[in-house]
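One structure below.
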């Protein structure tokens, strides 16, 4: 089984101890005018996700305020 959630990137924080490190903080995306968001709200009405990324190529792909899908599947 897998779950898909839609999150918006709310903050990008830098760190003095590593020039390329970024903490990325996401929250569940919900816009009442977007039908897709209404469907997501029924299954994942709220949530937060935070990660620390030190890969500059990966960090360059993230845009503040943009929505992203998170696909969650078992690791085994």
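The values are calculated or read from the model by the stated rules, or taken from the named source; none is laboratory data. Just so you know, these numbers come straight off a predicted model, no measurement behind them. For neighbour counting, all protein chains shown are included, and Cβ atoms are generated from backbone atoms with ideal geometry for every residue, glycine included.
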Inset, instruction - Consider residue 67 carefully, then state whether it is modelled with pLDDT under 90, surrounded by 15 or more Cβ atoms within 10 Å (Cβ to Cβ) and within 10 Å of the chain's Cα centre (by Cα). - result: no
Inset, instruction - Quick one: residue 12 ticks every box in (1) touching a residue at least 12 places away in the same chain (Cβ under 8 Å); (2) assigned to a loop (DSSP other than H, G, I, E, B) except a single one, so which number is it? - result: (2)
Inset, instruction - Test each condition in (1) within 16 Å of the chain's Cα centre (by Cα); (2) more than 17 Å from residue 71 (Cβ to Cβ); (3) surrounded by 12 or more Cβ atoms within 10 Å (Cβ to Cβ); (4) modelled with pLDDT under 95 for residue 4 and report the one that comes out false. - result: (2)
Inset, instruction - Only residues that are out of contact with any helix residue (DSSP H, G or I) (no Cβ under 8 Å at 6 or more places or on another chain), closer than 15 Å to residue 5 by Cβ and either assigned to a loop (DSSP other than H, G, I, E, B) or touching a residue at least 60 places away in the same chain (Cβ under 8 Å) (or both): list them for the stretch 19-65, please. - result: 34, 44, 45, 46, 47
